[in-house]
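**Q** Sending over a structure as structure tokens; questions will come in a sec.
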Amino acid sequence: MYNIEISPRYVADMNATTNYISNVLCNLDAALNLKNKADAIIDDIAKNPYIYSSYISGSKLKNEYRKAKVNNYYIFFRIDEERMVVQIARFIFSRMDFTNINEIL
């Protein structure tokens, strides 16, 4: 099993998303369900991060990232085999423009 490191950017992304869903869309249940589903997927990632596909980009990334789909969002993460750590990087809306992926990740 891998250890998980959650980045501050992931936390900010998740907070912004759940705040929007609960406060703007007035759907607290949907926000909580999304958060719980993301947490469950992160637990799965810790057990076997390689079940999720590599993110293939048109531009060369500095590191290899993988992505896990959560409803209409992606959890982007990378694997540090030497330390047996998965670094959870971002929580991003799946329809976002990924043209500048290096800036996003």
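The values are calculated or read from the model by the stated rules, or taken from the named source; none is laboratory data. Since the model is a prediction, treat every value here as computed from it, not as a measurement. All Cβ positions, even for glycine, are placed from backbone atoms using ideal geometry, and neighbour counts span all protein chains on display.
**Q** Is it the case, given these coordinates, that Ala31 is surrounded by fewer than 16 Cβ atoms within 10 Å (Cβ to Cβ), part of a helix (DSSP H, G or I) and among the aliphatic types (A, V, I, L, M)? Steps first, please.
**A** Numbers: surrounded by fewer than 16 Cβ atoms within 10 Å (Cβ to Cβ): no; part of a helix (DSSP H, G or I): yes; among the aliphatic types (A, V, I, L, M): yes.
Against the criterion (surrounded by fewer than 16 Cβ atoms within 10 Å (Cβ to Cβ), part of a helix (DSSP H, G or I) and among the aliphatic types (A, V, I, L, M)), Ala31 does not qualify.
**Q** Looking at Lys62, is it modelled with pLDDT of 95 or more and more than 19 Å from Ser22 (Cβ to Cβ)?
**A** no
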